[in-house]
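Structure first, commentary second.
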Amino acid sequence: MTRAEITPSEARTGGSPIGRFAVLLVGVVAVLAGLRWLITPDLEQRNYEFFPDMATSLALESQSTSTVLATGLGQQALVAGVVPRGRLPFHYAATDEEAARAGRELANPFAKDDAAALTRGAEVFRVHCVPCHDVGGAGAGPAVMRGMLPPPPFAGANAMQMEDGRIFHLLTRGRGNMPAMGSRLDADDRWRAVLHVRALQATPAPQPPTPDANGTIEGDSEKIPGEKAEDPK
Ligand code: HEC
């Protein structure tokens, strides 16, 4: 097609089917935009729901108000003395006397040859206790390597004569720099950890991990500040 053959209408639309389609598209979009402007939806209103099903529930939202209950609230207060499932109350305060009482009154619900409890106890110990007490319970964990005051070794006279209940009290309430773990570990896991402490005490004390020439502790990729040896290169 030469220039002379293009009709005026072809010239307007670009002269090709694609060009005409583009013009049509722009027209349609413009018309739709105009309609939308004419309708101007009320943004405060929900869109029309075709199948609401159970999207809007009749149940009260928690924390909402209610005209049914005398308190005017949708949520009722717990009846006094309610014990939540899986969380038995611990009736021993965070004092030495109470720790001694726990030592007299409480016994480990797990037997010391309960293999499953021992396995779980070792895992709890690895995650929650090793940072301070180290794997063998000597009191030279990574936190101590980095300046925390060392906890007494489990093989020491004090820990050896502590009753299970007293250690459980210690894990639950904490003591000195030893953090309270009652909110972090459930009661069963605390008892299993006690079981693991007893198992450690029954085996000869392993040597605490010592940093090698590069200041690296086995199983710990970080260097100890100040103990890093010069690179031989
Ligand atoms: C943040 C460090 C830290 C963690 C984590 C920690 N402990 Fe301790 N632990 C200590 C310190 C510090 C003491 C000494 C407390 C004191 O001086 O009264 C201690 C004391 C103890 C004792 C008594 C030792 C004695 O001779 O009096 C036992 C048993 C014990 N911890 C077991 C555990 C177990 C089991 C865990 C894990 C569930 C654990 N600890 C987690 C720091 C820690």
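The values are calculated or read from the model by the stated rules, or taken from the named source; none is laboratory data. As the structure is a prediction and not an experimental result, all values here were calculated from the model. Positions of Cβ are backbone-derived with ideal geometry, glycine not excepted, and every protein chain shown enters the neighbour counts.
Based on what the data block shows, is THR172 among the β-branched types (Val, Ile, Thr) and more than 15 Å from LEU185 (Cβ to Cβ)? So THR172 fails the test. Scan region 118-129 for residues that are more than 8 Å from the ligand (Cβ to nearest atom) and either among the acidic types (Asp, Glu) or surrounded by fewer than 22 Cβ atoms within 10 Å (Cβ to Cβ) (or both) and the total you get is 7.
So is SER62 at pLDDT below 80 and either in contact with a Gly (Cβ under 6 Å, 6 or more places away or on another chain) or within 30 Å of GLY182 (Cβ to Cβ) (or both) or not? The answer is yes for SER62.
Mind checking which residues of region 55-102 are surrounded by fewer than 10 Cβ atoms within 10 Å (Cβ to Cβ), small (Gly, Ala, Ser) and outside any loop (DSSP other than H, G, I, E, B)? None - no residue of region 55-102 is surrounded by fewer than 10 Cβ atoms within 10 Å (Cβ to Cβ), small (Gly, Ala, Ser) and outside any loop (DSSP other than H, G, I, E, B), so the list stays empty. Of all residues in region 185-205, those that are among the charged types (D, E, K, R) and within 10 Å of the ligand (Cβ to nearest atom) total 4. All conditions but one from (1) touching a helix residue (DSSP H, G or I) at 6+ places or on another chain (Cβ under 7 Å); (2) at pLDDT 95 or above apply to GLY174; the one that does not is (1). Only residues that are within 8 Å of the ligand (Cβ to nearest atom), within 22 Å of THR203 (Cα to Cα) and hydrophobic (A, V, I, L, M, F, W, C) were counted in region 139-154, giving 1. The single condition among (1) away from the ligand (no atom under 14 Å from the Cβ); (2) at positive phi that LEU88 does not satisfy is (2). Of the residues ALA180, ALA205, which single one is modelled with pLDDT under 95 and of a type outside the set (Lys, Arg)? After applying the criteria, what remains is ALA205. Restricting region 155-184 to residues that are more than 6 Å from the ligand (Cβ to nearest atom), farther than 18 Å from ALA102 by Cα and touching a residue at least 12 places away in the same chain (Cβ under 8 Å), which is nearest to the chain's Cα centre (by Cα)? Among those that are more than 6 Å from the ligand (Cβ to nearest atom), farther than 18 Å from ALA102 by Cα and touching a residue at least 12 places away in the same chain (Cβ under 8 Å), it is ARG184.
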